[in-house]
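Student: Pasting in a structure now, in structure tokens, and then I'll have a few things to ask.
The values are calculated or read from the model by the stated rules, or taken from the named source; none is laboratory data. Just so we're clear, the structure is a prediction, and the values are computed from it rather than from any experiment. Positions of Cβ are backbone-derived with ideal geometry, glycine not excepted, and every protein chain shown enters the neighbour counts.
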Ligand code: BGC
């Protein structure tokens, strides 16, 4: 690990002055997710980097978001797009250097953008020095005790220690060859074999992560998005599962007492992290990736002395149906309100099919639209719904996340050539599930042909961009009043300027089946029509923003409107 070569005092001071006025900024922040590899390529190697991101900060500031969540930038063999970390306290040369981070931070803070970065505590990369040392060391050694090495089952240990499966397919265990050349112990990896799970009952593991937190906090990072925050602690007996479900298989199938999922002891880790975050001025912030069965279990992660916020997967995975969305909103609010944590609302991220595509299928529920036999999505319909969903997302009380490109209405690229797919899911599912690459295609910024300003002219993005994206570049959409980008810009501007949207008030209004109507105070109302019939709205309302540009008394199917009612 190298030390930072630049001082960040200035940015920390800038941040401190600005932030101390708003210590609770995360309660209603709009956070923009930067999937770094695909955001902007500053050096022309086809891969997004910190220099590219820095050059696009004016765009993000102008868009009107409050903070950025940046996916992992650490040195990594990229077996899982950087979620396989070889050194937690440095930057991969693909993305830049620690100096680049410091520059990015200073410039982001000057533009009033806070930075959260991903941290991956459940597993390291197999290239991490700890794991290399564990492979060299014998069974029972302190080096192996940082991970979950176990003898295999069966007379010669040739069966895995239990029946757990990897989130990406195949067994969750891999057998190593010992230094004598013979097959030896097995190690656990809930994800790819290149991502060995750490043993969080080992104090050395805990202490090292605390150093990592301090390292980035000292540099001025405003907080972390915590990867797989519910699975760090394993039942030491490592028992077989009745039904070995993969970790990423949806939020609804785990019961309490699962051997690696949502175990009570994980909360001690978050309490100790919170204590560290609170020693900083301004205090640093955490958002946890906690995919859970019940919003009530979720609430435990955001108690006053734990994480600040968690992602809301119930909302993300809701079909385009009023009752399902209302249920997700209510369940989330009633679970989180008692612990005083704001809800967060997310429609897409780098692991999920883009919602423009999802909403264009006849069945809009969450699934992998990249499985075979799903037919073609109706992207006109999907886009219309995505526009309405944007107004819903940004009118709900609490925080909201925007995944890069969602503001342009980008869709899931479903026809990437097989040989370019990098997501380990594709290989490990026997080439059945095409995986997550289709939502990670590099951003189109400007111009008539690829790379659409993602990198310098003539450079080749790591995944090919559809030629049709010429009409979806930031430049093209900035010139079209009715574009998705202009809708997001306007909604974000209003979210800042409309006092009711800054309040905590929220009340459902009576409305016909298939519709969602709620008030945020002072007569500010959001109506979303998910039914197939027009929704009549009050004639005396004042329209603030609509998701489509048809005028009229009623709200057309799959559209939304913000309006104000005259106060009596
Ligand atoms: C991240 C994924 C990653 C996995 C393993 C997650 O939930 O969002 O992109 O593959 O953790 O680190």
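Student: Given the conditions (1) assigned to a strand (DSSP E or B); (2) touching a helix residue (DSSP H, G or I) at 6+ places or on another chain (Cβ under 8 Å); (3) more than 22 Å from residue 235 (Cα to Cα), report the number of the one that residue 184 does not fulfil.
Tutor: With respect to (1) assigned to a strand (DSSP E or B); (2) touching a helix residue (DSSP H, G or I) at 6+ places or on another chain (Cβ under 8 Å); (3) more than 22 Å from residue 235 (Cα to Cα), residue 184 is out only on (2).
Student: If residue 385 satisfies all but one of (1) in a helix (DSSP H, G or I); (2) within 16 Å of the ligand (Cβ to nearest atom), what's the number of the condition it fails?
Tutor: Answer for residue 385: the failing condition is (2).
Student: Would you say residue 243 is away from the ligand (no atom under 16 Å from the Cβ), more than 23 Å from the chain's Cα centre (by Cα), modelled with pLDDT under 95 and over 27 Å from residue 73 (Cα atoms)?
Tutor: Answer is yes for this residue.
Student: Under 8 Å by Cβ, and 6 or more places apart or on different chains, what pairs join a residue from the stretch 290-306 that is not assigned by TED's automatic domain parsing to the domain that holds residue 279 with one that is more than 16 Å from the ligand (Cβ to nearest atom) and outside any loop (DSSP other than H, G, I, E, B)?
Tutor: Going by the 8 Å Cβ cut-off, there are no qualifying pairs.
Student: Considering only residues that are outside any loop (DSSP other than H, G, I, E, B) and surrounded by fewer than 22 Cβ atoms within 10 Å (Cβ to Cβ), look in the stretch 161-181 and name the one that is farthest from the ligand (Cβ to nearest atom).
Tutor: 177
Student: Now for a separate question. Condition test on residue 117, is it assigned to a strand (DSSP E or B) and within 16 Å of the ligand (Cβ to nearest atom)? Working first, answer last.
Tutor: Details: assigned to a strand (DSSP E or B): yes; within 16 Å of the ligand (Cβ to nearest atom): yes.
Here the answer is yes, as residue 117 does meet what is asked.
Student: If you don't mind, another one. Could you say which residue among 92, 45 is crowded, with 18+ Cβ neighbours inside 10 Å, part of a loop (DSSP other than H, G, I, E, B) and either assigned by TED's automatic domain parsing to the domain that holds residue 400 or modelled with pLDDT of 95 or more (or both)? Explain how you work it out, then say what you get.
Tutor: Values: 45 fails: crowded, with 18+ Cβ neighbours inside 10 Å.
Criteria check complete, one pass: 92.
Student: Among the residues of the stretch 422-438, count how many are under 20 Å from the mean Cα position of the chain (by Cα) and either part of a helix (DSSP H, G or I) or more than 14 Å from the ligand (Cβ to nearest atom) (or both).
Tutor: Matching residues across the stretch 422-438 total 5.
Student: Quick one: how many residues across the stretch 216-233 are assigned to a strand (DSSP E or B) and within 12 Å of the ligand (Cβ to nearest atom)?
Tutor: Pass one, the stretch 216-233, residues assigned to a strand (DSSP E or B): 223-226.
Subset that is within 12 Å of the ligand (Cβ to nearest atom): 225-226.
Going through the stretch 216-233 one residue at a time, the tally reaches 2.
Student: So, one more: Condition first: in a loop (DSSP other than H, G, I, E, B) and crowded, with 21+ Cβ neighbours inside 10 Å. Can you find one or more residues in the stretch 96-110 that meet it?
Tutor: Our first condition is that a residue be in a loop (DSSP other than H, G, I, E, B); within the stretch 96-110, this holds for 96-97.
With the extra rule that they be crowded, with 21+ Cβ neighbours inside 10 Å, the set shrinks to 96.
Checking the stretch 96-110: at least one residue is in a loop (DSSP other than H, G, I, E, B) and crowded, with 21+ Cβ neighbours inside 10 Å.
Student: All but one of (1) at pLDDT 95 or above; (2) touching a strand residue (DSSP E or B) at 6+ places or on another chain (Cβ under 9 Å) hold for residue 19; state the number of the condition that does not hold.
Tutor: Status for residue 19: all satisfied but (1).
One line per residue, one yes/no per condition, for (1) farther than 28 Å from residue 132 by Cβ; (2) surrounded by 20 or more Cβ atoms within 10 Å (Cβ to Cβ); (3) at pLDDT 95 or above:
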site: 200; (1), (2), (3): no, yes, yes
site: 204; (1), (2), (3): no, no, yes
site: 211; (1), (2), (3): no, no, yes
site: 215; (1), (2), (3): no, no, yes
site: 220; (1), (2), (3): yes, yes, yes
site: 255; (1), (2), (3): yes, no, no
site: 260; (1), (2), (3): no, yes, no
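Student: Additional query: For the structure I just gave you, tell me whether residue 391 is touching a residue at least 60 places away in the same chain (Cβ under 8 Å), over 23 Å from residue 525 (Cβ atoms) and part of a helix (DSSP H, G or I). Step through it out loud before you land on a result.
Tutor: Values: touching a residue at least 60 places away in the same chain (Cβ under 8 Å): yes; over 23 Å from residue 525 (Cβ atoms): no; part of a helix (DSSP H, G or I): yes.
Considered against the rule, which asks whether it is touching a residue at least 60 places away in the same chain (Cβ under 8 Å), over 23 Å from residue 525 (Cβ atoms) and part of a helix (DSSP H, G or I), residue 391 comes out as no.
Let's see how each residue does on (1) surrounded by fewer than 17 Cβ atoms within 10 Å (Cβ to Cβ); (2) at pLDDT 95 or above; (3) in the same structural domain as residue 25 (by TED's automatic domain parsing); (4) away from the ligand (no atom under 16 Å from the Cβ):
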residue: 313; (1), (2), (3), (4): no, no, yes, no
residue: 317; (1), (2), (3), (4): no, no, yes, no
residue: 323; (1), (2), (3), (4): yes, yes, yes, yes
residue: 327; (1), (2), (3), (4): yes, yes, yes, yes
residue: 342; (1), (2), (3), (4): no, yes, yes, yes
residue: 350; (1), (2), (3), (4): no, yes, yes, no
residue: 363; (1), (2), (3), (4): yes, no, yes, yes
residue: 367; (1), (2), (3), (4): yes, no, yes, yes
residue: 371; (1), (2), (3), (4): yes, no, yes, yes
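Student: Out of the residues in the stretch 71-80 that are within 13 Å of the ligand (Cβ to nearest atom) and crowded, with 21+ Cβ neighbours inside 10 Å, state the one that is nearest to residue 133 (Cα to Cα).
Tutor: Looking at residues that are within 13 Å of the ligand (Cβ to nearest atom) and crowded, with 21+ Cβ neighbours inside 10 Å, I get 76.
Student: Still on this structure: For the structure I just gave you, tell me whether residue 496 is surrounded by fewer than 21 Cβ atoms within 10 Å (Cβ to Cβ), in contact (Cβ under 8 Å) with a residue 60 or more places away in the chain and in contact with a helix residue (DSSP H, G or I) (Cβ under 9 Å, 6 or more places away or on another chain).
Tutor: So residue 496 passes the test.
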